[in-house]
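Data first, discussion second: the structure below is written as structure tokens.
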Amino acid sequence: MGIKLHKLFIINNLIIIRASVCREKETLPCLRWRGLANDILFTKFPASENPPFMFSRIISRVGLFAVPLLALVLAGCSKAALTVRQSTLDPKGPVAQVQYDVFMDTVWLVLVLFFLVGGLLVYAVIRFRARPGDDTTPIVEEGHGNPLVEIGLITASIGSLVFIAIPTLSAIWYTDDVPVERVPKSKLAAWYAPAAGAPALDKAVAEQVLEIDVIGKQWWFRFEYPQLGLTNDAKHSVPNELVIPKGVAVRINLRSEDVIHSFWIPKIAGKVDLMPGRKNHLWIQADQVGHYYGQCAEFCGDSHAYMLFRCEVLEPAEFAKWVAAQKQDAAPVPAGSKAARGKELFAAKSCVMCHNVGGHFGAGMFGPDLTHVASRKSLAGAWLDNRDLQKQRALEQQTQNTESSVEVDRATLKANLIKWIGSSGTSHDANGKPTKDVKPGNRMHYYKMFNVAGLRETKQEFTAEELDCLAEYLLTLK
Ligand SMILES: [Cu+2]
């Protein structure tokens with residue numbers, strides 16, 4: 001199949017070369033090309049000689065049409081292929097929709113141009129092809145073209161640019177129409193002293209859009225909801241899973257703590273960079289409840305490709321419940337249980353240095369907040385999936401919707417926790433070699449901040465029992 005397609009391309013090109021060359025002046029390269037093309041296409045070989053290719057006229061004509069036809073057939077992708085989880089061709093919010101529309105406008109215009117130019121070419125090739133005896137007819141003098149055609153072509157080019165410019169510009173303005181940044185109540189009060197008893201300020205604050213700070217780190221995202229009190233400073237930030245209410249415009253403030261990252265949820269909106277020392281922003285809105293995938297879209301180091309995140313779109317009432325749950329501290333663990341032993345290990349094995357567990361430990365700021373780690377559908381930059389994948393696939397098939405999602409599966413989550421905590425050089429295979437990294441270079445297992453004077457990296461060794469207890473402890477953090 002591949003070879004055949006290749007041959008068709010060769011024939012197609014030869015036809016074009018021959019068509020364009022045969023009406024040119026009789027210069028040496030022209031003659032040579034013409035001879036070559038003629039030889040291959042029309043096999044003008046004496047019967048005794050063995051020609052390199054044997055293509056009849058008919059086959060060459062079929063070739064001319066077969067290539068675009070084949071391309072059309074190959075391009076006919078299934079619906080399933082277009083709705084995969086990071087498809088930009090399946091928009092689920094107004095911003096993504098506008099971007100999709102611009103794309104499709106361009107596609108239609110390009111298709112029209114393709115068939116117009118291609119059609120003219122095919123017409124010219126057939127209508128003006130060289131016929132036997134043509135060589136004796138005089139070659140037409142070269143002229144300077146037809147002014148009407150030239151003006152027409154220029155006008156058509158400008159026309160198609162304008163055709164593209166109008167939707168493009170309006171889409172840019174729409175996408176760029178980010179709701180204003182939050183004005184803290186205190187500042188509002190200072191600027192506009194309210195008239196006695198007027199509820200104006202509260203109303204202004206209430207009418208603000210939902211605002212989320214996205215902080216990019218190597219290689220995960222931290223989400224903070226300053227209006228709702230879910231911030232890192234308040235020891236309640238949300239790593240790796242962006243949760244937003246359905247049908248509500250959300251202003252996203254993009255910040256980076258290390259290198260340049262890029263925030264992108266293909267089905268909802270994208271993509272804008274997170275630059276160190278610069279305040280970028282965008283707005284998004286999702287119109288359908290579901291479980292979406294996002295991705296860092298700017299190369300940012302070792303684990304860039306593993307820097308996924310998830311976006312959970314909930315009904316507004318569910319969202320309010322979620323916010324309330326996120327503000328809860330972790331429940332106490334039963335004394336004497338495996339979880340209690342895990343909690344001790346969490347303090348003893350330096351986990352506390354980097355992780356916050358609201359209500360239990362409060363020092364760690366460097367890594368993801370673990371207060372609700374067991375309620376999230378993924379671990380480690382959304383790389384490890386905490387759901388039962390068989391059930392998930394069955395649900396997707398049943399609902400015909402890749403955004404539907406099953407809940408967290410306890411056994412899968414536990415296996416993932418053990419895999420993650422024990423990975424990256426801390427666990428070994430039968431030959432004593434470190435097992436494969438879950439996320440190469442990640443900042444938990446390769447923490448080099450204190451490694452200035454050649455100190456050993458802070459790698460931890462765990463027994464299977466310790467890993468089990470740690471996982472049991474983390475499983476209580478819902
Ligand atoms: Cu990144």
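For residue 331 and residue 287, a Förster radius of 41 Å and the Cβ-Cβ distance give a FRET efficiency of 0.70, rounded to the nearest 0.05. Reducing the stretch 95-130 and the stretch 316-364 to their Cα centroids gives an inter-centroid distance of 58 Å. With all pairs of different alpha carbon atoms counted, what Kirkwood hydrodynamic radius in Å does the stretch 112-157 show? 13.2 Å is the Kirkwood radius here. The magnitude of the dipole of the stretch 251-345, with charges of +1 and -1 set on the Cβ of Lys/Arg and Asp/Glu and taken from the Cα centre, is near 180 debye.
Protection proxy ranking, highest mean first, for peptides 324-334, 363-373: 363-373, 324-334, where packing is the per-residue count of other beta-carbon atoms within 10 Å, averaged. May I ask which of 267/478; 246/321; 321/343; 92/419; 235/478 have a Cα-Cα span longer than 23 Å here? Pairs exceeding 23 Å: 267/478; 321/343; 92/419.
Between residue 110 and residue 135, full extension at 0.36 nm per residue minus the direct alpha carbon distance yields a gain of 5.3 nm.
Each of 390, 357, 378 was scored by the projection of its Cα onto the charge dipole of the stretch 341-392, and the greatest displacement toward the positive side belongs to 390; charges sit on the C-beta of Lys, Arg, Asp and Glu.
Calculation over all alpha carbon pairs of the stretch 232-386 in 10 angstrom steps from 0 returns a P(r) of 10, 34, 37, 16, 4 percent.
Read-outs throughout are calculated quantities, based only on the coordinates presented, and are distinct from any laboratory measurement. None of the values given here were measured: they were computed from a predicted structure. Positions of Cβ are generated from backbone atoms using ideal geometry, with glycine treated the same way; all protein chains shown enter the neighbour counts.
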